[in-house]
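Data block below; observations after.
The values are calculated or read from the model by the stated rules, or taken from the named source; none is laboratory data. Worth saying up front: this structure is predicted, and the values here are computed from it rather than measured. Here Cβ is always computed from backbone atoms with ideal geometry, including for glycine, and neighbour counts include all displayed protein chains. Keep in mind that these areas ignore ligands, DNA and RNA; they rest on the heavy atoms of the full protein, side chains included. Shrake-Rupley method; radii C 1.70, N 1.55, O 1.52, S 1.80 Å.
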Amino acid sequence: EARAQGLAAEPAELAPGQWETEDEAAIRALLDQQVRPVPADEAALAAHYAERPDQFRAPSLYEAAHILFAAAPDDASARAQARAKAEAALAELRARPGRFGELAAELSACSSKTAGGVLGQLTSGDTVPEFEAVLATMEEGGLALAETRYGLHIIRLDARARGQVLPFQAVLPQLRQAHDKAAWLRASRDYLGGLIAGAGISGITFDQEGRA
């Protein structure tokens, strides 16, 4: 279709030393010309915000400690051994919580063992997502087991300060960006669907989303 319309564009640099081909540049020019996403409606974005305030909180702060039983993610045997050790230690801690620092110093594969496993104050992004996801579900003073790319962790949550809901104007740029990406994707799929419907294609089948 780009060729039929006589479109051409200078290839853009996608990453250092990585450039579009001439065909890719022409397709980009075609989509820029033809795809018309629906613009964001601020009232609709405000309604979305009002329905889901918990999605727009500032990051929570945590004070936590852990004991790491290290195991590579692709070593099933080491993972099983780490889990068995972590579960045994967790049972011991449920019976005698005061031993956390002692067991951290004795068993943990993390350098925090010298501080009784204490990690200090954490916020979003300070730990791997698997660890953070478990932290977010815990009650203060609780213990939990988490599995991450590093192994098995016994986590103790000492304190949490939940982030406040951000005002609408503070998250409006984020909401607009998310809307614009989704709207462009929908519009491009509609446009490509029209091209596919009107084209003579053999040797491959596309679904309604334009996927091969």
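Within the range 124-140, the set of residues being in a loop (DSSP other than H, G, I, E, B), among the polar types (S, T, N, Q) and without any contact (Cβ under 8 Å) to a residue 40 or more places away in the chain comprises just one member, T127. So for the range 49-57 (the condition being in contact with a strand residue (DSSP E or B) (Cβ under 8 Å, 6 or more places away or on another chain), exposed (fewer than 12 other Cβ atoms within 10 Å of the Cβ), at pLDDT below 95 and of a type in the set (D, E)), does at least one residue qualify? For the range 49-57, residues in contact with a strand residue (DSSP E or B) (Cβ under 8 Å, 6 or more places away or on another chain), exposed (fewer than 12 other Cβ atoms within 10 Å of the Cβ), at pLDDT below 95 and of a type in the set (D, E): present. Scanning the range 113-130 for residues that are surrounded by fewer than 17 Cβ atoms within 10 Å (Cβ to Cβ) and within 20 Å of A159 (Cα to Cα) gives A115, G116, G120, Q121, T123, S124, G125, D126, V128, P129, E130. Scanning the range 4-56 for residues that are closer than 30 Å to L166 by Cβ and assigned to a loop (DSSP other than H, G, I, E, B) turns up P37, V38, P39, A40, D41, R52. Per the conditions (1) under 24 Å from A58 (Cβ atoms); (2) open to solvent by 80 Å² or more (accessible area, probe 1.4 Å), the sole criterion not satisfied by V171 is (2). Cβ-Cβ contacts under 9 Å between residues 6 or more apart (or on different chains), taken from a first residue in the range 72-90 that is under 15 Å from R149 (Cα atoms) and in contact (Cβ under 8 Å) with a residue 12 or more places away in the chain to a second residue that is surrounded by 15 or more Cβ atoms within 10 Å (Cβ to Cβ) and of a type in the set (S, T, N, Q), are listed as P73/T148. Here E63 fulfils each of the conditions (1) open to solvent by 80 Å² or more (accessible area, probe 1.4 Å); (2) of a type outside the set (S, T, Y); (3) more than 30 Å from L103 (Cα to Cα) apart from (3). Listed by first and then second residue, the pairs with beta-carbon distance under 6 Å, at least 6 apart or on different chains, first residue in the range 99-123 and charged (D, E, K, R), second assigned to a helix (DSSP H, G or I), are K113/A104; K113/A105.
Only one entry of A159, A178 meets the criterion of being in contact with an Asp or Glu (Cβ under 7 Å, 6 or more places away or on another chain) and among the hydrophobic types (A, V, I, L, M, F, W, C), and that entry is A159.
Annotation: of all residues in the range 141-168 being part of a loop (DSSP other than H, G, I, E, B) and without any contact (Cβ under 8 Å) to a residue 40 or more places away in the chain, the one that is least open to solvent (accessible area, probe 1.4 Å) is G142.
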